[in-house]
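Peer 1: Structure below; questions to follow.
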Amino acid sequence: MGASVSHDLPHCLRLRRPRSLVGSSGCRMDLTITNLACARGGVTVLEGVSLTLAAGRALVLRGPNGIGKTTLLRTVAGLQPAVSGRISPAPESLTYAAHADGLKAALTVRENLAFWAAVHGQRGVDAALKALNLTELQDRPAQQLSAGQKRRLGLARLLVTGRPVWLLDEPTVSLDAASVALFADVLRGHLAKGGAALIATHVDLGLDRAGVLDLTAFRAQGRRAGGGFDEAFA
């Protein structure tokens with residue numbers, strides 16, 4: 001039998017809510033994961049994962065290398081099937097920032113952001129450039145950027161998706177201390193507007209009231225097939 005997993009998109013009621021509880025999509029989004037099992041390379045690595053992440057909050061995933069942090073994030077993002085469990089809302093309300101920056105090398109910094117803004121039916125390119133200190137680089141082709149600049153551009157894409165729940169996999173890779181602080185400010189701003197973030201990181205981003213979830217407790221007992229091949233992501 002195939003994987004037993006469901007994604008539910010919550011109904012966005014026409015009620016007046018405090019701005020701090022409303023995500024950029026205009027709808028409050030809480031992320032709920034219930035009894036989730038996920039696999040890497042066809043082998044279940046995590047099972048029984050349950051959590052609720054309220055709008056305006058961040059949760060940091062911890063655990064040793066290979067425990068399945070990336071596998072969990074990819075499963076929640078809908079990029080690979082779950083073995084079992086329930087995820088709400090649907091992937092269409094989530095955005096995932098992976099290890100790769102996902103840039104089009106021949107396009108300029110501005111063109112890259114404009115492309116992703118158009119894909120999501122959003123605006124805000126200028127604000128995203130400013131937020132990640134990319135305004136002076138906006139006319140430079142992505143292929144001419146340094147590793148840290150590419151990372152900042154990859155993270156700036158989050159701001160033009162209009163999606164309230166961010167799934168972040170080691171977002172500060174290749175960033176210097178100043179850029180880490182810059183991204184931390186962006187993340188705090190997202191949370192203050194009612195967004196939420198599920199983050200795999202070993203870096204202290206200085207987030208007030210961020211929760212921590214150690215995935216060691218959810219390590220699958222034994223090795224059993226299921227969930228499909230996920231291209232060997234950890």
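The values are calculated or read from the model by the stated rules, or taken from the named source; none is laboratory data. All of these numbers come straight from a predicted model, not from anything done at the bench. Glycine also receives a Cβ, built like all others from the backbone with ideal geometry; neighbour counts cover every protein chain displayed.
Peer 1: Among the residues of the stretch 130-149, write down those that are surrounded by 15 or more Cβ atoms within 10 Å (Cβ to Cβ), aliphatic (A, V, I, L, M) and outside any loop (DSSP other than H, G, I, E, B).
Peer 2: ALA131, LEU137, ALA142
Peer 1: Continuing with this model, one more query. Tell me which residues, restricted to the stretch 87-98, are within 17 Å of ARG157 (Cα to Cα) and surrounded by 15 or more Cβ atoms within 10 Å (Cβ to Cβ).
Peer 2: Hits for the stretch 87-98 are PRO91, SER93, LEU94, THR95, TYR96, ALA97, ALA98.
Peer 1: While we're looking at this one, here's another question. If you check GLY102 against the conditions, is it part of a loop (DSSP other than H, G, I, E, B), closer than 22 Å to THR44 by Cα and of a type in the set (Gly, Ala, Ser)?
Peer 2: Judged against the criteria, GLY102 is not a match.
Peer 1: Being modelled with pLDDT of 95 or more, of a type in the set (A, V, I, L, M) and farther than 19 Å from LEU205 by Cβ narrows it down to one of ALA100, ALA131, ALA118, so name that one.
Peer 2: ALA118
Peer 1: Are any residues in the stretch 74-99 touching a strand residue (DSSP E or B) at 6+ places or on another chain (Cβ under 8 Å), part of a helix (DSSP H, G or I) and not β-branched (Val, Ile, Thr), and if so, which ones?
Peer 2: Selection gives ARG74, PRO91, SER93.
Peer 1: If you go through the stretch 150-163, how many residues are in contact with a Leu (Cβ under 7 Å, 6 or more places away or on another chain) and in contact (Cβ under 8 Å) with a residue 40 or more places away in the chain?
Peer 2: 9
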